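Each reported figure results from applying straightforward, stated rules to the coordinates on display, with no laboratory input. Predicted model only: the values in this text are computed from it and were never measured.
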Amino acid sequence: FPLHFSAALVAAHFAVAAGYSPAVILAVISAITATMLLIVERLHPAHPHWNQTQSDVGTDALHALVSMILLPKLLEILLASALVTAAAALATQFDGAGIWPSHWPIAAQLVLALIISQFGEYWVHRCMHTVPILWRLHATHHSPGRLYWLNAARFHPLDTATSYVVSMIPLLLLGVEGELIV
């Protein structure tokens, strides 16, 4: 995982620098990751019976489509339009200099962005496990009878929306550039 994650970050950095669309970059990296997971799971499964379908592929594909593709894109559009005015107003309080340290090296900005976004997402995830009404949403993610590459995306849409909003709002308000978010 650390090797693949690092390679994906480096590839994304060079792809952004080469002018590729963020959507294309994410789609290619996601497809490569899914393919690698599929191959590794087939060759070296944690439990061999997990490689046997349980009539769950259609359900998991639908969850992946809604929770990993459609909902994040919709939220991205809604958050961007709703927060652009707030972010602009916040930035003008700093004489147009902005809040985000865009003059830092890209690696340092990435570390800061990860700390900020993951802080909120971590606490939301903890609450999803401990607050009964939130657990009812999050339990969807823990419901599969087997674990394989596709059902990692099995989330209730409100679970996905909550995590996405909590991780992205601080970055958008701080003025993080889209390339860094990719």
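By how many degrees, between 0 and 90 and to the nearest 10, does the Cα long axis of helix 2-17 differ from the longest principal axis of the chain?
The answer is roughly 40 degrees.
Subtracting the Cα-Cα distance from 0.36 nm times the residue separation, let me have the gained length for R146 to Q52 in nm, one decimal. Display every interim value, and only then the final one.
Details: separation 94, 0.36 × 94 = 33.84 nm, distance 0.90 nm.
Once the chain is fully extended between R146 and Q52, it gains 32.9 nm.
Calculate one ³J(HN,Hα) per residue across segment 33-41 by plugging θ = phi - 60° into the Karplus curve 6.51 cos²θ - 1.76 cosθ + 1.60, and present them in order as whole Hz with x for glycine and proline.
Per residue, the Karplus-derived 3J(HN,Hα) values read 4, 4, 5, 4, 4, 4, 5, 5, 5 Hz.
In whole angstrom, how long is each semi-axis of the equivalent ellipsoid of the chain, when you take the square root of 5 times every eigenvalue of its Cα gyration tensor and sort them from largest down? Mind dumping the intermediate values first?
Values: eigenvalues 206, 91, 40 Å².
Whole-Å semi-axes of the equivalent ellipsoid: 32, 21, 14.
Once phi is turned into ³J(HN,Hα) by the Karplus curve 6.51 cos²θ - 1.76 cosθ + 1.60 with θ = phi - 60°, what whole-Hz value does each residue of segment 125-138 show in order, with x for glycine and proline?
5, 4, 5, 4, 8, 10, 8, x, 5, 6, 4, 4, 6, 6
Below 8 Å between Cα atoms, with a sequence gap of 6+, how large is the relative contact order for the chain in percent?
35 percent
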